[in-house]
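If you scroll down you'll find the structure; I have some questions about it.
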Amino acid sequence: MIRRSPCVDIRLPEPDMTTIRLLSPTEVLVLYRAMRPDYAPLILLGAAAGLRQGEAFGLAVDRIDFADGILTVNQQVLVIDRRPTLAPPKTKASVRDGRSRSCAGRVHRRAQA
């Protein structure tokens with residue numbers, strides 16, 4: 001029987017404080033206009049729906065409800081052995097539906113043009 005926990009004197013590392021700086025609407029538009037036309041919609045969707053890079057790359061057209069402006073995030077692109085691979089998000093909390101009616105509509109109209 002162990003009388004005393006061997007973990008008592010272990011000090012946990014301090015968590016890193018990561019600062020996230022969101023782009024302003026002007027910065028989003030500048031980035032959008034600088035992108036190749038086939039990648040530009042990712043910028044709008046990412047900014048409007050708060051998508052991470054891998055989630056934006058993994059978003060398929062069949063996961064966008066253009067009429068109601070709902071995006072279903074249930075996959076992401078990970079690079080494994082230098083190859084892009086579709087995979088589920090890392091956590092269950094990352095699987096979600098998000099609303100982005102105006103942005104989804106703009107992306108849909110642009111894709112149809």
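To keep it simple, each residue is scored yes or no on (1) farther than 16 Å from Pro89 by Cα; (2) in contact with a strand residue (DSSP E or B) (Cβ under 7 Å, 6 or more places away or on another chain).
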{"residue": "Leu29", "(1), (2)": "yes, no"}
{"residue": "Asp38", "(1), (2)": "yes, no"}
{"residue": "Leu42", "(1), (2)": "yes, no"}
{"residue": "Ala48", "(1), (2)": "yes, no"}
{"residue": "Gln53", "(1), (2)": "no, no"}
{"residue": "Leu59", "(1), (2)": "no, yes"}
{"residue": "Arg63", "(1), (2)": "no, yes"}
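Sticking with this structure for a sec: Of all residues in segment 48-96, which are among the β-branched types (Val, Ile, Thr) and outside any helix (DSSP H, G or I)?
Ile64, Ile70, Thr72, Val73, Val77, Val79, Ile80, Thr85, Thr91, Val95
Could you list all residues from segment 66-76 that are out of contact with any Asp or Glu (no Cβ under 6 Å at 6 or more places or on another chain), in contact (Cβ under 8 Å) with a residue 24 or more places away in the chain and surrounded by 14 or more Cβ atoms within 10 Å (Cβ to Cβ)?
Of everything in segment 66-76, those that are out of contact with any Asp or Glu (no Cβ under 6 Å at 6 or more places or on another chain), in contact (Cβ under 8 Å) with a residue 24 or more places away in the chain and surrounded by 14 or more Cβ atoms within 10 Å (Cβ to Cβ) turn out to be Phe66, Gly69, Leu71.
For segment 1-53, give me each residue that is hydroxyl-bearing (Ser, Thr, Tyr) and either surrounded by 14 or more Cβ atoms within 10 Å (Cβ to Cβ) or closer than 26 Å to Gln76 by Cα (or both).
Those that are hydroxyl-bearing (Ser, Thr, Tyr) and either surrounded by 14 or more Cβ atoms within 10 Å (Cβ to Cβ) or closer than 26 Å to Gln76 by Cα (or both): Thr18, Thr19, Ser24, Tyr32, Tyr39.
Residue pairs, Cβ under 7 Å, 6 or more apart or interchain, first in segment 30-51 and farther than 19 Å from Ile20 by Cα, second of a type in the set (D, E, K, R) and assigned to a helix (DSSP H, G or I). List them.
That search, which allows pairs on different chains as well, returns Pro41/Arg110.
Values in this text are rule-based calculations from the coordinates and carry no lab data. All values reported here derive from a predicted model rather than from experimental measurement. So basically every Cβ, Gly included, is an ideal-geometry build from the backbone, and we count neighbours across all protein chains shown.
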